[in-house]
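See below for the structure under consideration.
The values are calculated or read from the model by the stated rules, or taken from the named source; none is laboratory data. Bear in mind that the values here come from a model prediction, so they are computed numbers and not experimental data. Don't worry about glycine lacking a Cβ; one is built from the backbone with ideal geometry, like all the others, and counts go over all protein chains shown. Keep in mind that these areas ignore ligands, DNA and RNA; they rest on the heavy atoms of the full protein, side chains included. Shrake-Rupley method; radii C 1.70, N 1.55, O 1.52, S 1.80 Å.
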Amino acid sequence: MRFLFVSGGSAGAVFPITPLALAARNAGHEVIVGATENVMPLVAATGLPGVPITPRTMYDFMQRDRHGNPLEIPKDPHERNLFNGRGMARLALGSMEGLVPLVERWKPDVLVAGALSYAAPLVAHRFGLPWVRHALNMGEPSIIDLSAAAELAPELEEMGLSAIPDPDMYVEICPPGARRPDAGPAQFMGYVPFNTQRALEPWMYSRSGDRPRVLVSAGSRVTADYEADALSALVEKVAGLDVELLIAAPQEIADALGDLPENVRAGWLPLDVVLRTCDLLVHRAGGNTMLHAIVCGVPQLLIPAMPKQVGMSARLAEYGAAIMLTAGEDDSPENVAKMCRELLEDPSYKARTEELSREIAGLPTPHDVTVAIADMVRARGGM
(Lines give C-alpha, C1' and ligand atoms only; values in the text may rest on other atoms or scores of the structure.)
Protein backbone atom coordinates (compact mmCIF):
# COMPACT_ATOMS: atom_id res chain seq x y z
CA MET A 1 0.00 0.00 0.00
CA ARG A 2 1.22 3.52 -0.77
CA PHE A 3 1.12 6.11 2.03
CA LEU A 4 1.65 9.75 1.04
CA PHE A 5 2.42 11.90 4.09
CA VAL A 6 1.81 15.64 3.64
CA SER A 7 3.63 18.00 5.97
CA GLY A 8 4.14 21.71 6.44
CA GLY A 9 7.21 23.88 6.40
CA SER A 10 8.94 23.43 9.77
CA ALA A 11 10.38 20.84 12.11
CA GLY A 12 7.23 21.20 14.21
CA ALA A 13 5.22 19.88 11.26
CA VAL A 14 7.67 17.19 10.08
CA PHE A 15 8.71 15.52 13.32
CA PRO A 16 5.25 14.64 14.79
CA ILE A 17 4.23 12.64 11.71
CA THR A 18 7.60 10.90 11.34
CA PRO A 19 7.02 7.99 13.79
CA LEU A 20 3.87 6.94 11.93
CA ALA A 21 5.58 7.34 8.54
CA LEU A 22 8.49 5.19 9.72
CA ALA A 23 6.10 2.60 11.12
CA ALA A 24 4.25 2.42 7.80
CA ARG A 25 7.49 1.91 5.91
CA ASN A 26 8.74 -0.65 8.44
CA ALA A 27 5.47 -2.54 7.98
CA GLY A 28 6.32 -2.94 4.31
CA HIS A 29 4.29 -0.09 2.84
CA GLU A 30 5.67 2.43 0.36
CA VAL A 31 6.05 5.90 1.89
CA ILE A 32 6.76 9.36 0.50
CA VAL A 33 6.71 12.61 2.46
CA GLY A 34 5.65 15.77 0.63
CA ALA A 35 6.60 19.11 2.19
CA THR A 36 8.05 22.52 1.41
CA GLU A 37 11.44 22.45 -0.28
CA ASN A 38 13.24 24.11 2.63
CA VAL A 39 12.46 21.22 5.02
CA MET A 40 13.65 18.50 2.66
CA PRO A 41 16.92 18.19 4.66
CA LEU A 42 14.83 17.47 7.77
CA VAL A 43 12.84 14.84 5.90
CA ALA A 44 16.06 13.30 4.60
CA ALA A 45 17.40 13.20 8.17
CA THR A 46 14.47 10.96 9.14
CA GLY A 47 15.57 8.42 6.55
CA LEU A 48 12.33 8.83 4.59
CA PRO A 49 12.06 9.79 0.90
CA GLY A 50 10.77 13.32 0.39
CA VAL A 51 9.31 15.30 -2.49
CA PRO A 52 9.22 19.13 -2.42
CA ILE A 53 5.69 20.31 -3.19
CA THR A 54 6.45 24.04 -3.27
CA PRO A 55 9.71 26.02 -3.54
CA ARG A 56 8.30 28.72 -1.25
CA THR A 57 8.58 28.56 2.53
CA MET A 58 5.79 28.50 5.07
CA TYR A 59 6.80 32.02 6.10
CA ASP A 60 6.39 33.27 2.52
CA PHE A 61 2.73 32.28 2.67
CA MET A 62 2.22 33.51 6.22
CA GLN A 63 3.72 36.94 5.59
CA ARG A 64 2.09 37.76 2.23
CA ASP A 65 -1.49 37.65 1.00
CA ARG A 66 -2.68 36.00 -2.22
CA HIS A 67 -1.56 39.02 -4.23
CA GLY A 68 1.93 39.17 -2.73
CA ASN A 69 1.22 42.11 -0.45
CA PRO A 70 3.17 42.04 2.83
CA LEU A 71 1.24 41.37 6.04
CA GLU A 72 1.93 42.31 9.62
CA ILE A 73 1.53 39.78 12.43
CA PRO A 74 -1.45 40.93 14.54
CA LYS A 75 -0.89 41.68 18.21
CA ASP A 76 -4.43 40.68 19.25
CA PRO A 77 -4.48 36.96 20.19
CA HIS A 78 -7.74 36.18 18.38
CA GLU A 79 -6.58 37.96 15.23
CA ARG A 80 -3.25 36.11 15.43
CA ASN A 81 -5.06 32.76 15.32
CA LEU A 82 -7.08 33.94 12.32
CA PHE A 83 -3.83 35.09 10.71
CA ASN A 84 -2.29 31.64 11.22
CA GLY A 85 -5.26 29.89 9.63
CA ARG A 86 -5.25 32.14 6.58
CA GLY A 87 -1.50 31.71 6.14
CA MET A 88 -1.68 27.92 6.33
CA ALA A 89 -4.52 27.98 3.79
CA ARG A 90 -2.33 29.94 1.37
CA LEU A 91 0.42 27.37 1.96
CA ALA A 92 -2.09 24.70 0.98
CA LEU A 93 -2.91 26.49 -2.27
CA GLY A 94 0.77 26.96 -3.07
CA SER A 95 1.43 23.28 -2.36
CA MET A 96 -1.13 22.11 -4.92
CA GLU A 97 1.29 22.78 -7.78
CA GLY A 98 3.57 20.02 -6.50
CA LEU A 99 1.10 17.79 -4.69
CA VAL A 100 -1.34 17.27 -7.57
CA PRO A 101 1.25 15.93 -10.05
CA LEU A 102 2.80 13.81 -7.29
CA VAL A 103 -0.56 12.14 -6.69
CA GLU A 104 -1.21 11.75 -10.42
CA ARG A 105 2.14 10.07 -11.06
CA TRP A 106 2.69 8.05 -7.88
CA LYS A 107 -0.96 7.12 -7.23
CA PRO A 108 -1.01 6.78 -3.43
CA ASP A 109 -3.69 4.72 -1.71
CA VAL A 110 -4.05 7.09 1.25
CA LEU A 111 -2.97 10.58 2.30
CA VAL A 112 -1.82 11.24 5.87
CA ALA A 113 -1.49 14.94 6.65
CA GLY A 114 -0.44 17.09 9.56
CA ALA A 115 -3.36 18.91 11.18
CA LEU A 116 -2.59 22.22 9.45
CA SER A 117 -1.78 20.76 6.02
CA TYR A 118 -5.00 21.79 4.32
CA ALA A 119 -3.86 20.76 0.83
CA ALA A 120 -4.41 17.09 1.69
CA PRO A 121 -8.22 17.18 2.05
CA LEU A 122 -8.52 19.19 -1.18
CA VAL A 123 -6.39 16.71 -3.11
CA ALA A 124 -8.08 13.73 -1.46
CA HIS A 125 -11.47 15.07 -2.54
CA ARG A 126 -10.25 15.71 -6.08
CA PHE A 127 -8.91 12.18 -6.53
CA GLY A 128 -11.40 10.30 -4.36
CA LEU A 129 -8.75 9.18 -1.89
CA PRO A 130 -9.12 8.46 1.83
CA TRP A 131 -7.21 10.86 4.05
CA VAL A 132 -6.04 10.85 7.63
CA ARG A 133 -5.54 13.97 9.72
CA HIS A 134 -2.62 13.68 12.13
CA ALA A 135 -2.42 15.90 15.23
CA LEU A 136 0.80 17.87 15.57
CA ASN A 137 0.63 18.61 19.29
CA MET A 138 -1.84 18.71 22.19
CA GLY A 139 -4.54 20.48 20.17
CA GLU A 140 -4.66 23.89 18.53
CA PRO A 141 -7.69 26.23 18.59
CA SER A 142 -10.50 25.25 16.22
CA ILE A 143 -10.65 28.88 15.08
CA ILE A 144 -7.54 28.20 12.97
CA ASP A 145 -9.47 25.61 10.93
CA LEU A 146 -12.39 28.01 10.50
CA SER A 147 -10.09 30.78 9.36
CA ALA A 148 -8.40 28.46 6.86
CA ALA A 149 -11.80 27.43 5.50
CA ALA A 150 -12.74 31.08 5.03
CA GLU A 151 -9.52 31.75 3.11
CA LEU A 152 -10.16 28.70 0.94
CA ALA A 153 -13.83 29.58 0.31
CA PRO A 154 -13.39 30.36 -3.43
CA GLU A 155 -11.57 27.09 -4.09
CA LEU A 156 -14.02 25.08 -2.00
CA GLU A 157 -16.95 26.58 -3.93
CA GLU A 158 -15.29 25.67 -7.24
CA MET A 159 -15.03 22.09 -5.98
CA GLY A 160 -18.68 22.05 -4.93
CA LEU A 161 -17.79 22.04 -1.25
CA SER A 162 -19.14 24.17 1.58
CA ALA A 163 -16.35 23.26 4.00
CA ILE A 164 -12.99 21.52 4.17
CA PRO A 165 -13.74 17.78 3.84
CA ASP A 166 -13.65 15.79 7.06
CA PRO A 167 -10.93 13.16 7.41
CA ASP A 168 -11.64 9.45 7.29
CA MET A 169 -9.59 9.14 10.48
CA TYR A 170 -8.12 11.55 13.01
CA VAL A 171 -4.91 10.44 14.72
CA GLU A 172 -4.68 11.99 18.19
CA ILE A 173 -1.32 12.19 19.99
CA CYS A 174 -2.45 14.20 23.01
CA PRO A 175 -2.89 12.05 26.14
CA PRO A 176 -6.60 11.78 27.03
CA GLY A 177 -6.13 13.42 30.43
CA ALA A 178 -5.01 16.72 28.88
CA ARG A 179 -7.13 16.68 25.74
CA ARG A 180 -9.22 19.61 24.53
CA PRO A 181 -12.74 19.27 25.97
CA ASP A 182 -14.38 19.86 22.57
CA ALA A 183 -12.17 17.37 20.73
CA GLY A 184 -14.12 14.77 18.77
CA PRO A 185 -13.68 11.03 18.11
CA ALA A 186 -10.16 9.93 17.36
CA GLN A 187 -7.76 7.09 16.78
CA PHE A 188 -5.34 7.59 19.66
CA MET A 189 -1.63 6.98 19.20
CA GLY A 190 1.10 7.17 21.82
CA TYR A 191 3.41 10.10 21.17
CA VAL A 192 6.91 9.03 20.14
CA PRO A 193 9.55 11.75 20.58
CA PHE A 194 11.46 12.45 17.38
CA ASN A 195 14.23 14.96 16.76
CA THR A 196 17.42 15.17 14.76
CA GLN A 197 20.42 13.59 16.45
CA ARG A 198 24.10 14.22 17.09
CA ALA A 199 26.89 12.12 18.57
CA LEU A 200 26.07 11.68 22.24
CA GLU A 201 28.40 12.69 25.02
CA PRO A 202 28.17 11.06 28.47
CA TRP A 203 26.64 14.15 30.11
CA MET A 204 23.70 13.92 27.70
CA TYR A 205 22.50 10.53 28.90
CA SER A 206 23.79 10.60 32.49
CA ARG A 207 24.45 13.16 35.17
CA SER A 208 26.69 13.69 38.15
CA GLY A 209 26.33 15.91 41.19
CA ASP A 210 23.35 16.78 43.31
CA ARG A 211 22.17 20.00 41.68
CA PRO A 212 18.83 19.86 39.82
CA ARG A 213 19.16 19.81 36.05
CA VAL A 214 17.03 22.42 34.24
CA LEU A 215 16.68 22.64 30.46
CA VAL A 216 15.73 25.93 28.76
CA SER A 217 14.48 26.09 25.18
CA ALA A 218 12.78 28.49 22.79
CA GLY A 219 12.31 25.85 20.10
CA SER A 220 14.24 24.56 17.11
CA ARG A 221 13.51 27.54 14.85
CA VAL A 222 15.48 30.12 16.84
CA THR A 223 17.56 32.43 14.65
CA ALA A 224 19.28 35.75 15.26
CA ASP A 225 16.06 37.41 14.02
CA TYR A 226 13.49 35.04 15.56
CA GLU A 227 13.11 34.18 19.28
CA ALA A 228 16.82 34.69 20.04
CA ASP A 229 15.98 37.53 22.42
CA ALA A 230 13.29 35.42 24.06
CA LEU A 231 15.77 32.59 24.60
CA SER A 232 18.36 34.94 26.11
CA ALA A 233 15.72 36.41 28.41
CA LEU A 234 14.66 32.96 29.60
CA VAL A 235 18.26 31.99 30.28
CA GLU A 236 18.86 35.16 32.30
CA LYS A 237 15.74 34.53 34.38
CA VAL A 238 16.81 30.98 35.25
CA ALA A 239 20.56 31.51 35.50
CA GLY A 240 20.44 32.68 39.13
CA LEU A 241 19.12 29.35 40.38
CA ASP A 242 21.50 26.85 41.96
CA VAL A 243 21.06 24.34 39.14
CA GLU A 244 22.87 22.66 36.29
CA LEU A 245 21.54 24.59 33.29
CA LEU A 246 21.19 23.17 29.78
CA ILE A 247 20.28 25.47 26.89
CA ALA A 248 18.79 23.77 23.84
CA ALA A 249 19.34 25.90 20.75
CA PRO A 250 20.70 25.73 17.20
CA GLN A 251 24.47 25.60 17.47
CA GLU A 252 25.08 29.03 15.93
CA ILE A 253 22.77 30.60 18.51
CA ALA A 254 24.47 28.70 21.33
CA ASP A 255 27.89 29.84 20.09
CA ALA A 256 26.68 33.45 20.12
CA LEU A 257 26.05 33.19 23.87
CA GLY A 258 29.82 33.38 24.41
CA ASP A 259 31.67 31.98 27.40
CA LEU A 260 29.35 30.22 29.82
CA PRO A 261 29.72 29.39 33.53
CA GLU A 262 30.87 25.89 34.42
CA ASN A 263 27.32 24.83 35.34
CA VAL A 264 25.90 25.75 31.91
CA ARG A 265 25.97 23.81 28.64
CA ALA A 266 24.44 25.02 25.37
CA GLY A 267 23.94 23.64 21.89
CA TRP A 268 21.77 21.47 19.71
CA LEU A 269 20.54 18.79 22.10
CA PRO A 270 18.78 15.50 21.30
CA LEU A 271 15.81 16.14 23.56
CA ASP A 272 14.57 12.55 23.49
CA VAL A 273 17.77 11.58 25.33
CA VAL A 274 18.67 14.66 27.36
CA LEU A 275 15.22 15.37 28.80
CA ARG A 276 15.22 12.02 30.59
CA THR A 277 18.05 13.33 32.77
CA CYS A 278 16.32 16.62 33.62
CA ASP A 279 14.21 17.76 36.57
CA LEU A 280 12.51 20.72 34.87
CA LEU A 281 11.89 22.14 31.40
CA VAL A 282 11.44 25.91 30.92
CA HIS A 283 10.31 26.82 27.41
CA ARG A 284 8.07 28.74 25.00
CA ALA A 285 5.38 26.05 24.85
CA GLY A 286 6.29 24.40 21.56
CA GLY A 287 3.94 21.47 21.00
CA ASN A 288 6.61 18.85 20.27
CA THR A 289 8.78 19.96 23.15
CA MET A 290 5.79 19.85 25.50
CA LEU A 291 4.96 16.26 24.57
CA HIS A 292 8.65 15.26 24.72
CA ALA A 293 8.74 16.39 28.34
CA ILE A 294 5.55 14.54 29.24
CA VAL A 295 6.88 11.28 27.81
CA CYS A 296 10.08 11.80 29.80
CA GLY A 297 8.16 12.62 33.02
CA VAL A 298 9.55 16.15 33.32
CA PRO A 299 7.44 19.01 34.79
CA GLN A 300 7.33 22.23 32.77
CA LEU A 301 7.29 25.99 33.16
CA LEU A 302 5.44 27.24 30.08
CA ILE A 303 5.59 30.76 28.66
CA PRO A 304 3.65 30.53 25.37
CA ALA A 305 5.17 32.33 22.40
CA MET A 306 1.93 32.32 20.36
CA PRO A 307 -1.78 32.53 21.21
CA LYS A 308 -2.45 29.09 19.71
CA GLN A 309 -0.23 27.56 22.43
CA VAL A 310 -2.16 29.07 25.34
CA GLY A 311 -4.98 26.52 25.40
CA MET A 312 -2.75 23.46 25.50
CA SER A 313 -0.48 25.11 28.07
CA ALA A 314 -3.43 25.98 30.29
CA ARG A 315 -4.77 22.42 30.12
CA LEU A 316 -1.42 21.00 31.18
CA ALA A 317 -1.24 23.49 34.04
CA GLU A 318 -4.81 22.67 35.11
CA TYR A 319 -3.88 19.00 35.15
CA GLY A 320 -1.10 19.84 37.60
CA ALA A 321 1.85 18.87 35.40
CA ALA A 322 3.04 22.42 34.64
CA ILE A 323 2.83 26.10 35.50
CA MET A 324 1.95 28.62 32.79
CA LEU A 325 3.06 32.25 32.80
CA THR A 326 2.08 34.94 30.31
CA ALA A 327 4.85 36.72 28.44
CA GLY A 328 5.03 40.37 29.39
CA GLU A 329 2.63 40.00 32.31
CA ASP A 330 3.75 37.65 35.06
CA ASP A 331 7.07 36.35 33.69
CA SER A 332 9.35 38.71 35.62
CA PRO A 333 12.77 37.28 36.58
CA GLU A 334 11.65 37.01 40.20
CA ASN A 335 8.44 35.16 39.32
CA VAL A 336 10.12 32.81 36.85
CA ALA A 337 12.68 31.87 39.49
CA LYS A 338 9.93 31.42 42.08
CA MET A 339 7.90 29.15 39.80
CA CYS A 340 10.99 27.13 38.91
CA ARG A 341 11.65 26.52 42.59
CA GLU A 342 8.03 25.47 43.13
CA LEU A 343 8.17 23.00 40.25
CA LEU A 344 11.45 21.56 41.53
CA GLU A 345 10.43 21.32 45.17
CA ASP A 346 6.78 20.22 44.99
CA PRO A 347 6.69 16.51 43.98
CA SER A 348 3.07 16.71 42.85
CA TYR A 349 4.07 18.24 39.49
CA LYS A 350 6.31 15.32 38.63
CA ALA A 351 3.71 12.84 39.87
CA ARG A 352 1.04 14.36 37.63
CA THR A 353 3.43 14.45 34.66
CA GLU A 354 4.23 10.78 35.18
CA GLU A 355 0.50 10.00 35.17
CA LEU A 356 0.24 11.49 31.68
CA SER A 357 3.41 9.68 30.64
CA ARG A 358 1.85 6.36 31.64
CA GLU A 359 -1.29 7.30 29.68
CA ILE A 360 0.82 7.83 26.57
CA ALA A 361 2.67 4.54 27.11
CA GLY A 362 -0.67 2.70 27.20
CA LEU A 363 -1.97 4.10 23.91
CA PRO A 364 -1.78 2.27 20.55
CA THR A 365 1.64 2.33 18.89
CA PRO A 366 2.43 3.79 15.46
CA HIS A 367 2.44 0.21 14.16
CA ASP A 368 -1.07 -0.33 15.56
CA VAL A 369 -2.26 2.84 13.84
CA THR A 370 -0.61 1.82 10.56
CA VAL A 371 -2.67 -1.38 10.67
CA ALA A 372 -5.82 0.62 11.46
CA ILE A 373 -5.21 2.94 8.48
CA ALA A 374 -4.56 0.03 6.12
CA ASP A 375 -7.75 -1.69 7.30
CA MET A 376 -9.70 1.54 6.79
CA VAL A 377 -8.39 1.91 3.22
CA ARG A 378 -9.29 -1.69 2.40
CA ALA A 379 -12.76 -1.25 3.89
CA ARG A 380 -13.29 1.72 1.59
CA GLY A 381 -12.53 -0.50 -1.36
CA GLY A 382 -8.91 0.56 -1.73
CA MET A 383 -5.93 -1.72 -2.16
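Structure remark: mean-square fluctuation, Gaussian network model of the chain, C-alpha springs under 10 Å; the largest value among 144, 373, 73 belongs to 73.
Normalising the Debye intensity of the chain to I(0), with uniform scatterers on Cα atoms only, and taking log10 at q = 0.06, 0.08, 0.14 Å⁻¹ returns -0.23, -0.41, -1.25.
Please report, to two decimal places, log10 I(q)/I(0) for region 176-276 at q = 0.17, 0.18, 0.19 Å⁻¹ as given by the Debye formula with identical point scatterers on the Cα atoms and no solvent. Treating every Cα as an identical point scatterer, log10 I(q)/I(0) equals -0.85, -0.92, -0.98.
The heavy atoms of residue 194 present about 50 square angstrom of accessible area, all protein chains included, probe 1.4 Å. Of the accessible area of the chain, computed with a 1.4 Å probe over protein heavy atoms only, carbon and sulfur atoms account for 52 percent.
For residue 243, what is the net charge nearby, where nearby means another residue's Cβ is under 15 Å from its Cβ and Lys, Arg count +1, Asp, Glu -1? Its environment carries a net charge of -1.
Counted over the chain, the DSSP beta bridges are approximately 5% antiparallel. Accessible surface ranking for 205, 59, 319, 118, 1.4 angstrom probe, highest first: 205, 59, 319, 118. Among 102, 245, 161, which one shows the biggest mean-square fluctuation in a GNM of the chain, springs joining Cα atoms closer than 10 Å? Evaluated over the chain, the most mobile residue of the options is 161. Loop-located GluC sites (Glu not before Pro) across region 275-345 with a Cβ neighbour count of 12 or fewer within 10 Å are 329, with loop assigned by DSSP. When the GluC sites (Glu not before Pro) in region 1-101 are filtered for DSSP coil states and for at most 16 other beta-carbon atoms within 10 Å of their beta-carbon, the remaining sites are 72. Estimated purely from DSSP H runs of n ≥ 4, each contributing -39500 (n - 2.57), the mean residue ellipticity at 222 nm for the chain is -12500 deg cm²/dmol once divided by its residues.
The GluC sites (Glu not before Pro) of region 231-310 meeting both criteria, a DSSP state outside H, G, I, E and B (loop) and at most 15 other C-beta atoms within 10 angstrom of the site's C-beta, are 262. Once the gyration tensor of the Cα atoms in region 154-223 is diagonalised, the equivalent ellipsoid follows with semi-axes of 41, 18, 13 Å, ordered largest first. Using alpha carbons only, the radius of gyration of region 248-383 set against its Kirkwood radius gives Rg/Rh = 1.08. Summing charges over neighbours of residue 357, with a neighbour being any other residue whose Cβ is under 13 Å away from its Cβ, gives +1 when K and R count +1 and D and E count -1. In region 4-151, the convex hull through the Cα atoms has an average projected area of 8.6 nm², a quarter of its surface area. Springs join every pair of Cα atoms under 10 Å in this Gaussian network model of the chain, and among 116, 71, 363 the largest mean-square fluctuation is at 71. Take the chain with all the other protein chains still there, run a 1.4 Å probe, and you get 42 Å² of accessible area per residue. Taking the Cα atoms only, what angle lies between the long axis of helix 366-379 and the longest principal axis of the chain, rounded to 10 degrees? Tilt relative to the chain: about 20 degrees.
Excluding residues on the same chain fewer than 8 positions from residue 237, give the aspartates and glutamates whose Cα lies under 19 Å from its Cα. Of all the aspartates and glutamates, those that pass the test against residue 237 - Cα under 19 Å, at least 8 places apart if same chain - are 227, 229, 259, 262, 279, 329, 330, 331, 334, 342, 345.
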